[in-house]
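Student: First, the structure itself, so that you have it in front of you.
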Amino acid sequence: MIRIYDDQELTIEEILARDPAPAREAEALVAEIIADVRRRGDEALFDYCRRFDHNRLEDLRVSGEEIEEALRAAEPDLLESLELAAANIRNFHKRQLRQGFVIAEEAGKIMGQRVLPLERVGIYVPGGTAAYPSTVLMNAIPAALAGVERIVMASPASAEGRLNPAVLAAAKVAGVTDIYKIGGAQAVAALAYGTESVSRVDKIVGPGNLFVATAKRQVFGVVDIDMIAGPSEILAISDGTMEARILAADLLSQAEHDKNAAAVLITTSPGQAREVQAELERQIPLLPRAGICREAIDKNGKIILTDTVARAVEIANRIAPEHLELCLDDAFAWLPQIKHAGSVFLGKNAPEALGDYLGGPNHTLPTGGTARFSSPLSVDDFIKKSSFIYYSRDALADVEKNIRLLARAEGLEAHGQSVAARFDRIRDLRKQVRS
């Protein structure tokens, strides 16, 4: 059963505490898998597919026929929902597109910045206990908008060697160009280093389990990554006016992700706290993933009592949650006070699931308090910026002395000489003329 605390009973670290032991234990195994994939390539991938996914693939790549078959098998209403979600996601993310700039304000000087898309991006889509077509849309659509040439998706196949039809349909809708039936740390290794079948990418994005997250951390530097995502989090703030059954349902929407997920309610009403506690007990047994919900709620779930909404907001800012629901009638009045949150859901009719699937803002969000310094996935994650500079000879001559002085101050005389060398011949000629 979820516990109820007074806001003075817990430290911020205790509210979203996680056991670090599993992460440490995964490091060595993941390093071994990455090294094996680098050494044996496709052979290692086929072996891991047999070992972890219990299938015997003949080809790692999803064929065009398989994609078309998935589209035919998908329910028309589901395809319509995917298209609607994709339209909303595009509409939101296209506003993030950046333009380069040129500065040519002084004679003889031109400089600027170019905005360039990454060439190849790898998207990891979890499989196993659930299918995540929404993950495909949220990761691939910003990449496509940025202009990424090749969008490569990796996801573990079933024992029959197939990917979920809804995931394949989402890939088609989102503009994914290559799809591979590989999962886990071995998929991250293949995307980072390449194999006979899988071309290496420039960046890997997308969520995954502990082993996927650990693998992304280990290949960072060889490729870029979006973030190291931890277990899902939801924090809801209520002033006692929200229905307890709805609050309980919202908490369970994240608890069902993972037994390590954290679901937290901060409320000013002791009565509401007890009602939500009872509602969770009523609703958990009714869910298909009741076992996961039970462990997440019992281990990481918390209800915290505060005297005021202002105190609840203060705690929320210190936690910096992945998802923050302001279940208040005056939610917009409190929005300016929110400093740290991955995504904020305003009012009583904006459940976290709206953001997960259909709203438009990205659902790939910073976890574990990293919303203090990082941001949701966006078009910016799929671009790089390159600067350029041009000076005429006269413009460079005007600043030669300044550059040489600065170079000398840093003890880097060759820097200064690289500028002076452009004028030394002229100086020598002038000396000869004067002599």
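Student: Quick one: in the range 57-76, of everything that is among the hydrophobic types (A, V, I, L, M, F, W, C) and part of a loop (DSSP other than H, G, I, E, B), which residue is surrounded by the fewest Cβ atoms within 10 Å (Cβ to Cβ)? Quick ask: steps written out before the conclusion?
Tutor: In the first step, residues of the range 57-76 are kept if they are among the hydrophobic types (A, V, I, L, M, F, W, C); the result is 57, 60, 62, 67, 70-71, 73-74.
Okay, now just the ones that are also part of a loop (DSSP other than H, G, I, E, B), so 57, 60, 62, 74.
On the way: Leu57: 16, Leu60: 21, Val62: 22, Ala74: 19.
Out of the qualifying residues, it is Leu57.
Student: Are any residues in the range 315-353 open to solvent by 10 Å² or more (accessible area, probe 1.4 Å) and of a type in the set (Asp, Glu), and if so, which ones?
Tutor: Residues satisfying the conditions are Glu322, Asp329, Asp330.
Student: Could I ask something else about it? Of the residues that make up the range 230-243, is at least one touching a residue at least 12 places away in the same chain (Cβ under 8 Å) and within 21 Å of Phe382 (Cβ to Cβ)? Break it down into steps so the answer makes sense when it comes.
Tutor: Residues of the range 230-243 that are touching a residue at least 12 places away in the same chain (Cβ under 8 Å), as a first pass: 230-242.
If we keep only those that are within 21 Å of Phe382 (Cβ to Cβ) too, we end up with none.
The answer is no; no qualifying residue exists.
Student: Here is a further query. If I ask for residues that are among the aromatic types (Phe, Trp, Tyr) and out of contact with any helix residue (DSSP H, G or I) (no Cβ under 7 Å at 6 or more places or on another chain), which ones from the range 92-131 would you list? Steps first, answer last, please.
Tutor: Applying the first criterion (among the aromatic types (Phe, Trp, Tyr)) to the range 92-131 yields 92, 101, 124.
Within the range 92-131, Phe92, Phe101 qualify.
Student: Another question about this same structure. With the checklist (1) modelled with pLDDT under 95; (2) in contact with a Cys (Cβ under 9 Å, 6 or more places away or on another chain); (3) not aromatic (Phe, Trp, Tyr) in hand, flag the one item Gly369 doesn't pass.
Tutor: (2)
Student: Still on this model: Name the residue, out of Gly184, Gly208, that is modelled with pLDDT of 95 or more and open to solvent by 10 Å² or more (accessible area, probe 1.4 Å). Let's see the steps before the verdict.
Tutor: Working: Gly208 fails: modelled with pLDDT of 95 or more.
Going through Gly184, Gly208 in turn, the sole match is Gly184.
Student: Right, another one. List the residue pairs whose Cβ atoms are under 7 Å apart, where the first residue sits in the range 390-408 and is open to solvent by 80 Å² or more (accessible area, probe 1.4 Å), the second is assigned to a helix (DSSP H, G or I), and the two are 6 or more positions apart or on different chains.
Tutor: Arg408/Gly416
Student: Mind checking which residues of the range 157-176 are in contact with a Gly (Cβ under 9 Å, 6 or more places away or on another chain), of a type outside the set (Val, Ile, Thr) and under 14 Å from Leu71 (Cα atoms)? First the steps, then the outcome.
Tutor: Kept after step one, since they are in contact with a Gly (Cβ under 9 Å, 6 or more places away or on another chain), are these residues of the range 157-176: 157-158, 163-164, 167.
After this cut, where a residue has to be of a type outside the set (Val, Ile, Thr) as well, the list is 157-158, 163-164.
Selection gives Leu163, Asn164.
Student: Same structure, new question: Just the residues that are among the polar types (S, T, N, Q), open to solvent by less than 70 Å² (accessible area, probe 1.4 Å) and under 19 Å from Leu365 (Cα atoms), please, taken from the range 77-134. Steps first, please.
Tutor: As a first pass, look at the range 77-134 and keep what is among the polar types (S, T, N, Q): 81, 88, 91, 96, 99, 113, 129, 134.
Filter again for open to solvent by less than 70 Å² (accessible area, probe 1.4 Å), leaving 81, 88, 96, 113, 134.
Hits for the range 77-134 are Asn88, Gln96, Ser134.
Student: Scan the range 1-56 for residues that are modelled with pLDDT of 90 or more, open to solvent by 100 Å² or more (accessible area, probe 1.4 Å) and either part of a helix (DSSP H, G or I) or aliphatic (A, V, I, L, M) (or both) and jot them down.
Tutor: Within the range 1-56, Met1, Glu32, Arg38, Arg39, Glu43, Arg51 qualify.
Student: Residue check: is Gly175 of a type outside the set (Lys, Arg) and surrounded by fewer than 22 Cβ atoms within 10 Å (Cβ to Cβ)? Walk me through it before giving the result.
Tutor: Values: of a type outside the set (Lys, Arg): yes; surrounded by fewer than 22 Cβ atoms within 10 Å (Cβ to Cβ): yes.
In short, yes.
Student: Within the range 289-340, which residues are in a loop (DSSP other than H, G, I, E, B) and either under 18 Å from Asp250 (Cβ atoms) or in contact with a strand residue (DSSP E or B) (Cβ under 7 Å, 6 or more places away or on another chain) (or both)? Talk me through it step by step, then tell me what you get.
Tutor: Filtering the range 289-340 down to residues in a loop (DSSP other than H, G, I, E, B) leaves 289, 301, 306-308, 320-322, 328-330, 338-340.
Correct list: Arg289, Gly301, Thr306, Pro321, Glu322, Leu328, Asp329, Ile338.
The values are calculated or read from the model by the stated rules, or taken from the named source; none is laboratory data. Predicted model only: the values in this text are computed from it and were never measured. Because the Cβ atoms are built from the backbone with ideal geometry, glycine has one as well, and the counts that use them run over all protein chains shown. Surface areas here come from the heavy atoms of the whole protein model, side chains and all, with no ligands, DNA or RNA. Shrake-Rupley method; radii C 1.70, N 1.55, O 1.52, S 1.80 Å.
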